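Student: Handing you this structure, nothing more for now.
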Amino acid sequence: MNKESLYQSLNNQVVALIEDETNLIANLANVSALLNIALEDINWVGFYLLENDTLVLGPFQGNPACVRIPIGKGVCGTSFEKKQTLRIENVHDFEGHIACDAASNSEIVIPLIKDGKYIGVLDIDSPSLNRFDQDDQTGLELIMASLKEHL
């Protein structure tokens, strides 16, 4: 299955999982679980949610993680501050990278929006360098767009 088909299928599954549920945590938990089982070569997937001026660990799949990330710090905090997806080929080259898991080598972070407000980020790590490409970004942004419509 090519990536476009994979992400379209995942998007359909996400909508089916969350369309009748209004609880944010339950929906994010199911989305992180689905992505964890469907995506290859990843070692962490989850959400950080805005609380005051900090991103706080939300539902995730993987090893224990950093609990709080200041806005503007690390890949997650920078993605949130810039309000844009960040695709990092080698996290060790990212100035200010926060190493929650030494096994992670590449990362993609996509802002999470609810009712027009930025409320957090989706964070996915891989043990491989340059794991995430434009097809992954496009597919994951599609999923996040569907997610915001059903939160």
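The values are calculated or read from the model by the stated rules, or taken from the named source; none is laboratory data. Please read these numbers as outputs of a predicted model, since none were measured by experiment. In this analysis, Cβ positions are derived from the backbone assuming ideal geometry, glycine residues included, and neighbour counts consider all displayed protein chains. Keep in mind that these areas ignore ligands, DNA and RNA; they rest on the heavy atoms of the full protein, side chains included. Shrake-Rupley method; radii C 1.70, N 1.55, O 1.52, S 1.80 Å.
Student: Looking only at segment 89-106, filter to residues that are under 15 Å from Trp44 (Cα atoms) and in contact with a helix residue (DSSP H, G or I) (Cβ under 9 Å, 6 or more places away or on another chain); which one of those is surrounded by the fewest Cβ atoms within 10 Å (Cβ to Cβ)?
Tutor: Out of the qualifying residues, it is Ala99.
Student: Check whether at least one residue in segment 37-44 is in contact with a Lys or Arg (Cβ under 9 Å, 6 or more places away or on another chain), assigned to a strand (DSSP E or B) and of a type in the set (Asp, Glu), and report yes or no.
Tutor: No; the residues of segment 37-44 include none that is in contact with a Lys or Arg (Cβ under 9 Å, 6 or more places away or on another chain), assigned to a strand (DSSP E or B) and of a type in the set (Asp, Glu).
One line per residue, one yes/no per condition, for (1) among the basic types (Lys, Arg); (2) open to solvent by 30 Å² or more (accessible area, probe 1.4 Å):
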| residue | (1), (2) |
| --- | --- |
| Leu39 | no, no |
| Gly46 | no, no |
| Leu55 | no, no |
| Phe60 | no, yes |
| Arg68 | yes, yes |
| Ile108 | no, no |
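Student: Against the conditions (1) over 16 Å from Ala38 (Cβ atoms); (2) assigned to a loop (DSSP other than H, G, I, E, B); (3) open to solvent by less than 70 Å² (accessible area, probe 1.4 Å), where does Pro64 fall short? Just the number, please.
Tutor: Answer for Pro64: the failing condition is (3).
Student: For Leu140, are the conditions met, namely being closer than 23 Å to Ile18 by Cβ, modelled with pLDDT under 95, open to solvent by less than 50 Å² (accessible area, probe 1.4 Å) and not polar (S, T, N, Q)?
Tutor: no
Student: Something else: State the number of residues belonging to segment 68-88 that are aliphatic (A, V, I, L, M) and either part of a strand (DSSP E or B) or out of contact with any helix residue (DSSP H, G or I) (no Cβ under 7 Å at 6 or more places or on another chain) (or both).
Tutor: 3
Student: Where residues in segment 120-137 are assigned to a helix (DSSP H, G or I) and out of contact with any helix residue (DSSP H, G or I) (no Cβ under 6 Å at 6 or more places or on another chain), which of them is most open to solvent (accessible area, probe 1.4 Å)? Steps first, answer last, please.
Tutor: We begin by selecting, within segment 120-137, every residue assigned to a helix (DSSP H, G or I); these are 134-137.
Filter once more, keeping what is out of contact with any helix residue (DSSP H, G or I) (no Cβ under 6 Å at 6 or more places or on another chain): 134, 136-137.
Details: Gln134: 93, Asp136: 2, Gln137: 31 Å².
This residue is Gln134.
Student: Moving to a separate point now. Provide a single number: the residues in segment 121-144 that are under 20 Å from Gly77 (Cα atoms) and hydrophobic (A, V, I, L, M, F, W, C).
Tutor: 6
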